[in-house]
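Undergrad: What follows is a structure written as structure tokens; I'll ask about it next.
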Amino acid sequence: MIWSKVACAFVLIAIVIQAAGCSRRDTAVKRGTEHDPWVIRTDFSNANEWTRICELIAAPQTDMGMKFYAYVRFVGDEKFRGKEARDVVVALPDEYRAHFCFVVDGQCITNPEHSILVVGFYPSDGKSFTRKPRDTPAGDVATFRALPSQIQSIETIYRSQTWILKNLPSPLAATVSIEAFRDDAA
């Protein structure tokens with residue numbers, strides 16, 4: 001019985017590691033999907049800086065011998081030119097799945113640290129996860145800035161939080177599922 005619990009625990013750990021976008025040293029393979037959050041260019045004043053910022057975001061981050069990648073899609077569509085955070089959200093396609101995106105705006109382009117605007121638009125009611133981005137109330141749009149090297153961590157946290165809120169009846173459910181792997185005999 002204990003071995004089946006241990007095996008299940010290892011499977012869960014492997015799933016979490018894969019979902020987090022990390023792998024063992026020298027075996028990392030960057031993958032992308034249509035569900036990846038977007039890094040959206042709103043400032044078109046400097047193509048070289050845009051390219052540099054994309055490279056900084058895409059660069060693997062290493063911690064404890066593991067490589068972590070930001071699984072994002074880079075979008076340089078002119079329809080986002082000059083848009084503010086709320087306008088970017090409203091302009092996203094109806095099928096956009098994430099409840100956050102990253103914006104490379106004028107401040108990001110001109111700042112030597114290239115601080116990226118992180119735009120979150122989670123439903124404030126904790127229930128409206130199926131709403132279209134264009135239906136997002138202004139009050140549900142929140143922003144902060146982050147360095148390109150932090151995008152991987154932010155992407156993983158936002159993606160995990162969305163999955164938890166959509167799929168678990170309560171945060172307690174996560175605790176209960178972890179408790180299931182404890183051995184009462186130990």
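Undergrad: With a 10 Å radius around each residue's Cβ, average the other Cβ atoms per peptide and rank 109-115, 143-149, highest first. List each step's numbers first, then the result.
TA: Numbers: 109-115: 13.7, 143-149: 15.4.
With the highest mean Cβ count within 10 Å placed first, the list reads 143-149, 109-115.
Undergrad: I would also like to ask the following. Which ³J(HN,Hα) values in Hz, rounded to whole numbers, follow from the phi angles of the range 152-160 under the Karplus curve 6.51 cos²θ - 1.76 cosθ + 1.60, where θ = phi - 60° and Gly and Pro get x?
TA: 4, 5, 5, 4, 5, 5, 4, 4, 5
Undergrad: Oh, and also: Quick one: length gained pulling SER160 to ASP63 fully straight, 0.36 nm per residue minus the C-alpha distance?
TA: On the way: separation 97, 0.36 × 97 = 34.92 nm, distance 1.91 nm.
So the chain would gain 33.0 nm between SER160 and ASP63.
Undergrad: Here's something else I'd like to know. Please compute the length gained on full extension between THR110 and LEU147, using 0.36 nm multiplied by the number of residues separating them and subtracting their Cα-Cα distance.
TA: On the way: separation 37, 0.36 × 37 = 13.32 nm, distance 1.33 nm.
Value of the extension gain: 12.0 nm.
Undergrad: Taking amide H positions as placed 1.01 Å from N in the peptide plane, with prolines and chain starts having none, which residues 5 or more places from ARG145, or on another chain, fall under 5 Å of its amide H?
TA: Placed amide hydrogens put VAL118 under 5 Å from ARG145.
Undergrad: For GLU49, put the label point 7 Å out on the Cα→Cβ axis and report which residues of the range 89-110 keep their amide N under 20 Å from it.
TA: Only 102-110 fall inside the zone, counting backbone N under 20 Å.
Undergrad: Amide H of PHE68 versus every other amide H placed in the peptide plane: which residues, excluding those fewer than 5 positions away on the same chain, fall under 5 Å?
TA: Amide H neighbours of PHE68: GLN61, THR62, ASP63.
Undergrad: Does anything in the range 84-111 have its amide N under 14 Å from the 7 Å Cα→Cβ label point of LEU56, and if so which residues?
TA: Residues passing the 14 Å test: 103-111.
Values in this text are rule-based calculations from the coordinates and carry no lab data. This is a predicted model, so every value here is computed, not measured. As a convention, Cβ positions derive from the backbone with ideal geometry for all residues, glycine included, and neighbour counts pool all protein chains shown.
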